[in-house]
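Heads up: the structure comes next, in C-alpha coordinates.
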Amino acid sequence: MLRAAGRAAAPWRNGGGVTREIASGPEGAGTEGFDWRVSLADVRGDGPFSVFPGTDRILTVIDGAGMDLTVGGRHLLAQRYVPRPFPGDVPTDGRLLAGPVVNLNVMHRRGAVRAAVAVVRGALTVGAPPDATVLVVALDGPAEVAGVALGRYDAALCDAPGAVVRTDGHAAVVTLGRTD
(Lines give C-alpha, C1' and ligand atoms only; values in the text may rest on other atoms or scores of the structure.)
Protein backbone atom coordinates (compact mmCIF):
# COMPACT_ATOMS: atom_id res chain seq x y z
CA MET A 1 0.00 0.00 0.00
CA LEU A 2 1.21 3.47 -0.90
CA ARG A 3 -0.77 5.94 1.18
CA ALA A 4 -1.33 9.51 -0.03
CA ALA A 5 -0.85 10.98 3.43
CA GLY A 6 2.71 12.14 3.87
CA ARG A 7 3.71 12.30 0.20
CA ALA A 8 6.10 15.19 -0.12
CA ALA A 9 5.37 17.89 -2.69
CA ALA A 10 8.37 18.44 -4.98
CA PRO A 11 8.71 21.48 -7.24
CA TRP A 12 8.63 20.86 -10.97
CA ARG A 13 11.90 21.08 -12.88
CA ASN A 14 10.55 24.18 -14.66
CA GLY A 15 9.29 25.76 -11.40
CA GLY A 16 5.66 25.89 -12.58
CA GLY A 17 4.01 23.66 -9.98
CA VAL A 18 4.42 20.67 -7.69
CA THR A 19 4.28 16.91 -8.02
CA ARG A 20 3.86 14.10 -5.52
CA GLU A 21 5.53 10.84 -6.52
CA ILE A 22 3.43 7.71 -5.97
CA ALA A 23 5.98 5.15 -7.14
CA SER A 24 8.96 4.79 -9.46
CA GLY A 25 11.27 2.14 -10.77
CA PRO A 26 13.94 1.58 -9.84
CA GLU A 27 12.90 2.74 -6.38
CA GLY A 28 14.53 6.00 -5.33
CA ALA A 29 15.79 6.82 -8.84
CA GLY A 30 14.64 10.46 -8.70
CA THR A 31 13.63 12.53 -11.73
CA GLU A 32 16.80 11.77 -13.71
CA GLY A 33 17.34 8.01 -13.37
CA PHE A 34 13.87 6.45 -13.47
CA ASP A 35 12.75 3.77 -15.90
CA TRP A 36 9.15 4.62 -14.98
CA ARG A 37 7.51 7.11 -12.63
CA VAL A 38 3.90 7.62 -11.53
CA SER A 39 2.95 10.88 -9.81
CA LEU A 40 0.17 13.37 -9.12
CA ALA A 41 0.69 16.94 -10.33
CA ASP A 42 -1.13 20.02 -9.06
CA VAL A 43 -1.50 22.40 -12.01
CA ARG A 44 -2.62 25.88 -11.01
CA GLY A 45 -1.74 27.86 -14.14
CA ASP A 46 -0.97 27.74 -17.85
CA GLY A 47 2.57 27.10 -19.02
CA PRO A 48 5.23 24.82 -20.46
CA PHE A 49 5.84 21.24 -19.35
CA SER A 50 9.30 20.08 -18.32
CA VAL A 51 11.12 18.16 -21.05
CA PHE A 52 12.28 14.61 -20.23
CA PRO A 53 14.61 13.28 -22.98
CA GLY A 54 13.87 9.71 -24.15
CA THR A 55 10.64 9.57 -22.15
CA ASP A 56 7.00 9.05 -23.09
CA ARG A 57 4.15 10.30 -20.92
CA ILE A 58 0.53 9.41 -20.26
CA LEU A 59 -1.40 12.27 -18.66
CA THR A 60 -4.83 11.73 -17.12
CA VAL A 61 -6.76 14.68 -15.67
CA ILE A 62 -8.34 13.38 -12.45
CA ASP A 63 -9.66 16.57 -10.89
CA GLY A 64 -10.81 19.74 -12.63
CA ALA A 65 -12.26 20.59 -16.04
CA GLY A 66 -9.26 19.65 -18.18
CA MET A 67 -6.45 21.11 -20.24
CA ASP A 68 -5.63 22.02 -23.80
CA LEU A 69 -2.19 20.64 -24.63
CA THR A 70 0.04 21.68 -27.49
CA VAL A 71 2.59 18.91 -28.01
CA GLY A 72 5.20 19.69 -30.65
CA GLY A 73 2.65 21.84 -32.50
CA ARG A 74 -0.11 19.21 -32.25
CA HIS A 75 -3.27 19.98 -30.24
CA LEU A 76 -4.63 17.50 -27.66
CA LEU A 77 -7.61 17.95 -25.38
CA ALA A 78 -6.97 16.40 -21.96
CA GLN A 79 -10.37 15.63 -20.45
CA ARG A 80 -11.15 14.17 -17.05
CA TYR A 81 -10.47 10.40 -16.81
CA VAL A 82 -9.23 10.09 -20.42
CA PRO A 83 -5.55 8.97 -20.56
CA ARG A 84 -3.56 10.98 -23.14
CA PRO A 85 -0.19 9.60 -24.29
CA PHE A 86 2.43 11.93 -25.78
CA PRO A 87 6.22 12.16 -26.09
CA GLY A 88 7.86 13.70 -23.03
CA ASP A 89 10.81 15.06 -24.95
CA VAL A 90 9.08 17.54 -27.26
CA PRO A 91 8.03 21.07 -26.29
CA THR A 92 4.61 20.88 -24.60
CA ASP A 93 2.43 23.71 -23.32
CA GLY A 94 -0.72 23.36 -21.23
CA ARG A 95 -3.67 25.73 -20.93
CA LEU A 96 -6.26 25.16 -18.23
CA LEU A 97 -9.87 25.04 -19.45
CA ALA A 98 -11.58 26.29 -16.28
CA GLY A 99 -9.31 26.51 -13.26
CA PRO A 100 -6.77 24.24 -11.57
CA VAL A 101 -6.45 20.51 -12.27
CA VAL A 102 -4.79 17.49 -10.75
CA ASN A 103 -3.12 15.14 -13.23
CA LEU A 104 -2.04 11.54 -12.88
CA ASN A 105 1.27 11.52 -14.74
CA VAL A 106 2.90 8.29 -15.94
CA MET A 107 6.37 8.62 -17.47
CA HIS A 108 8.39 5.75 -18.92
CA ARG A 109 11.67 5.34 -20.79
CA ARG A 110 11.01 4.86 -24.48
CA GLY A 111 12.34 1.53 -25.73
CA ALA A 112 12.92 0.17 -22.21
CA VAL A 113 9.46 0.22 -20.59
CA ARG A 114 5.95 0.01 -22.00
CA ALA A 115 3.06 1.59 -20.10
CA ALA A 116 -0.73 1.62 -20.23
CA VAL A 117 -3.32 3.45 -18.13
CA ALA A 118 -6.99 2.45 -17.82
CA VAL A 119 -9.53 4.32 -15.73
CA VAL A 120 -12.14 1.95 -14.31
CA ARG A 121 -15.40 2.02 -12.32
CA GLY A 122 -17.09 -0.86 -10.57
CA ALA A 123 -15.15 -4.10 -10.21
CA LEU A 124 -12.25 -5.46 -12.23
CA THR A 125 -9.91 -8.40 -11.77
CA VAL A 126 -6.30 -7.38 -12.39
CA GLY A 127 -3.03 -9.19 -12.17
CA ALA A 128 0.55 -8.47 -12.95
CA PRO A 129 1.90 -10.41 -15.91
CA PRO A 130 5.27 -11.99 -15.03
CA ASP A 131 7.25 -9.13 -16.59
CA ALA A 132 5.05 -6.24 -15.40
CA THR A 133 4.14 -4.02 -12.47
CA VAL A 134 0.49 -3.10 -11.89
CA LEU A 135 -0.30 -0.05 -9.78
CA VAL A 136 -3.88 0.86 -8.80
CA VAL A 137 -4.62 4.45 -7.72
CA ALA A 138 -7.95 5.50 -6.13
CA LEU A 139 -8.90 8.73 -7.92
CA ASP A 140 -12.10 10.36 -6.73
CA GLY A 141 -13.11 8.34 -3.72
CA PRO A 142 -12.53 5.13 -1.88
CA ALA A 143 -11.55 1.92 -3.59
CA GLU A 144 -10.65 -1.58 -2.51
CA VAL A 145 -7.82 -3.74 -3.86
CA ALA A 146 -7.62 -7.40 -2.84
CA GLY A 147 -9.78 -6.57 0.18
CA VAL A 148 -7.64 -3.61 1.35
CA ALA A 149 -9.31 -0.18 1.53
CA LEU A 150 -7.78 2.75 -0.35
CA GLY A 151 -8.69 6.38 0.28
CA ARG A 152 -8.55 9.09 -2.36
CA TYR A 153 -5.11 9.11 -4.08
CA ASP A 154 -3.90 6.03 -2.14
CA ALA A 155 -2.28 3.39 -4.33
CA ALA A 156 -1.52 -0.32 -4.24
CA LEU A 157 1.03 -2.40 -6.12
CA CYS A 158 -0.61 -5.61 -7.36
CA ASP A 159 1.89 -8.38 -7.86
CA ALA A 160 -0.46 -11.33 -7.40
CA PRO A 161 -2.66 -12.60 -10.23
CA GLY A 162 -6.38 -12.20 -9.75
CA ALA A 163 -6.49 -9.15 -7.45
CA VAL A 164 -9.97 -7.60 -7.50
CA VAL A 165 -10.33 -3.81 -7.69
CA ARG A 166 -13.65 -2.32 -6.57
CA THR A 167 -14.68 1.32 -6.62
CA ASP A 168 -17.88 3.33 -6.71
CA GLY A 169 -15.83 6.20 -8.12
CA HIS A 170 -12.87 5.92 -10.49
CA ALA A 171 -9.57 4.12 -10.13
CA ALA A 172 -6.56 4.13 -12.44
CA VAL A 173 -4.90 0.84 -13.32
CA VAL A 174 -1.34 1.50 -14.50
CA THR A 175 0.52 -1.40 -16.12
CA LEU A 176 4.28 -1.09 -16.64
CA GLY A 177 6.53 -3.71 -18.22
CA ARG A 178 9.99 -4.13 -19.71
CA THR A 179 10.16 -4.11 -23.50
CA ASP A 180 13.14 -6.47 -23.72
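The values are calculated or read from the model by the stated rules, or taken from the named source; none is laboratory data. Computed from a prediction, not measured in an experiment: that's the story for all the values here. With ideal geometry, Cβ positions are generated from the backbone for all residues, glycine too; neighbour counts draw on all protein chains shown.
Here's the yes/no breakdown for (1) under 13 Å from the mean Cα position of the chain (by Cα); (2) among the β-branched types (V, I, T):
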{"residue": "A8", "(1), (2)": "no, no"}
{"residue": "G28", "(1), (2)": "no, no"}
{"residue": "V51", "(1), (2)": "no, yes"}
{"residue": "D56", "(1), (2)": "yes, no"}
{"residue": "P85", "(1), (2)": "yes, no"}
{"residue": "V90", "(1), (2)": "no, yes"}
{"residue": "H108", "(1), (2)": "yes, no"}
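Identify, please: which residue in the stretch 1-24 is assigned to a strand (DSSP E or B) and modelled with pLDDT of 90 or more and is, among those, nearest to G94 (Cα to Cα)?
Taking the candidates together, the pick is T19.
Any residue in the stretch 151-159 that is more than 16 Å from the chain's Cα centre (by Cα), exposed (fewer than 13 other Cβ atoms within 10 Å of the Cβ) and touching a residue at least 60 places away in the same chain (Cβ under 8 Å)? Yes: one or more hits. Within the stretch 127-154, the set of residues being under 14 Å from V38 (Cβ atoms) and either among the charged types (D, E, K, R) or part of a loop (DSSP other than H, G, I, E, B) (or both) comprises L139, Y153, D154.
For the stretch 52-96, the tally of residues that are hydrophobic (A, V, I, L, M, F, W, C), over 24 Å from V173 (Cα atoms) and buried (at least 16 other Cβ atoms within 10 Å of the Cβ) stands at 2.
Restricting attention to the stretch 66-111, the residues that are in a loop (DSSP other than H, G, I, E, B), more than 12 Å from V43 (Cβ to Cβ) and touching a residue at least 24 places away in the same chain (Cβ under 8 Å) add up to 10.
Of the residues examined, V119 is not one that is over 16 Å from the mean Cα position of the chain (by Cα) and β-branched (V, I, T).
When the stretch 153-166 is filtered for residues that are modelled with pLDDT under 95 and not aliphatic (A, V, I, L, M), the ones remaining, listed by number, are C158, D159, P161, G162, R166. When the test is whether a residue is out of contact with any Asp or Glu (no Cβ under 6 Å at 6 or more places or on another chain) and more than 30 Å from E32 (Cα to Cα), T167 passes it. Figure legend. Inter-residue proximity from the stretch 40-56: first residues within 20 Å of H108 (Cα to Cα), second residues of a type in the set (S, T, Y) and surrounded by fewer than 19 Cβ atoms within 10 Å (Cβ to Cβ), beta-carbon distance below 9 Å, spacing 6+ or different chains. Indicated pairs: S50/T31; F52/T31. When each of L124, L157 is tested for being in contact with a Leu (Cβ under 6 Å, 6 or more places away or on another chain) and part of a strand (DSSP E or B), the lone residue that passes is L157.
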